[in-house]
1. Averaged per residue, what accessible area in Å² does region 1-125 show with a 1.4 Å probe, protein chains only?
2. Give a residue-ordered list of calculated ³J(HN,Hα) values for region 173-186 (Karplus: 6.51 cos²θ - 1.76 cosθ + 1.60, θ = phi - 60°; whole Hz; x for Gly, Pro).
3. I'd like to check one number: the per residue accessible area of region 129-197, probe 1.4 Å, reported in Å² as a whole number.
4. Return the carbon/sulfur percentage of the accessible area of the chain, one whole number, probe 1.4 Å, all protein chains in place.
5. Using label points projected 7 Å from each Cα along Cα→Cβ, tell me how many nm separate Asp23 and Asp176, to one decimal.
6. In whole Hz, what ³J(HN,Hα) sequence does region 68-77 give by Karplus (6.51, -1.76, 1.60; θ = phi - 60°), x for Gly and Pro?
7. Taking +1 at the Cβ of each Lys and Arg and -1 at the Cβ of each Asp and Glu, which of Ala75, Gly172, Tyr50 sits farthest along the dipole of the chain towards its positive end, judged by Cα position relative to the Cα centre?
8. How long are the semi-axes of the equivalent ellipsoid of the chain, defined as square roots of 5 times the Cα gyration tensor eigenvalues? Whole Å, largest first.
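The values are calculated or read from the model by the stated rules, or taken from the named source; none is laboratory data. These numbers were taken from a predicted model, which means no experiment stands behind them. Here the Cβ positions follow ideal geometry from the backbone for every residue, glycine too, while neighbour counts run over all protein chains shown. What goes into the accessible areas is simple: the full protein's heavy atoms, side chains included, and nothing from ligands, DNA or RNA. Shrake-Rupley method; radii C 1.70, N 1.55, O 1.52, S 1.80 Å.
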Amino acid sequence: MTSNRHTLGSRTDEDVLLDAARDCVLAVGLRRTTLTDVARRAGVSRMTMYRRWPDMATLVADLMTREWGDLALQAQASATGRHTRERLVDGLTGGARRLRDHPVFRRIVELDPEVLLPYLVDRRGTSQDRMLAALLVTIAEGHADGSVRPGAPELIGRGLLLTLHGFVISIGTMTDQVTSADLDGELRLLLDRYLAP
């Protein structure tokens, strides 16, 4: 893997480094992972890591953006339905389930849940901003075909994201007498009724 030291700079090389970060997080969690660990696993120098990411927080942010952004795109691309609202509801429900099951997300929730707190109470992250931007486009499409109720797309999109936060982050607190699949059914119903004209 020493060739990476000479060819870093392309998207593929960044993926190699993010893959190494993902592997480290899965192995020992965020708090116990260092940039040195990631560099060693990727087969690059520590300085290569520090030139790209000054600290683990920025590396983890980029890792989450990549992992969860791809997941959201896949969920929306595989969504089915007769019209925009049905496809949107299907994609959001499927995306919530995929995110909860994502190995990096699960490891963070199990070992380092405090990492998620700023994104829930203080500020949005890049992944959330990208999801919101995609939602605004889809809501506008739903307005055009009449399947989504009238209203400001910004407001509707933010309402959707806030709803998803609970069904992704807090679902474990509600599965003592029901299953996550049962709650996904409730999420689907809730989203459909929220968006229906």
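1. Heavy-atom accessible area per residue stands at 53 Å².
2. Couplings: 7, 10, 9, 6, 10, 9, 9, 5, 5, 4, 5, 4, x, 5 Hz.
3. On a per-residue basis, 56 Å².
4. 55 percent
5. Inter-label distance under the simple model: 4.1 nm.
6. 7, x, 4, 4, 5, 5, 5, 5, 6, 5
7. Result: Tyr50.
8. With the √(5λ) rule applied to the chain, the semi-axes are 35, 19, 14 Å.
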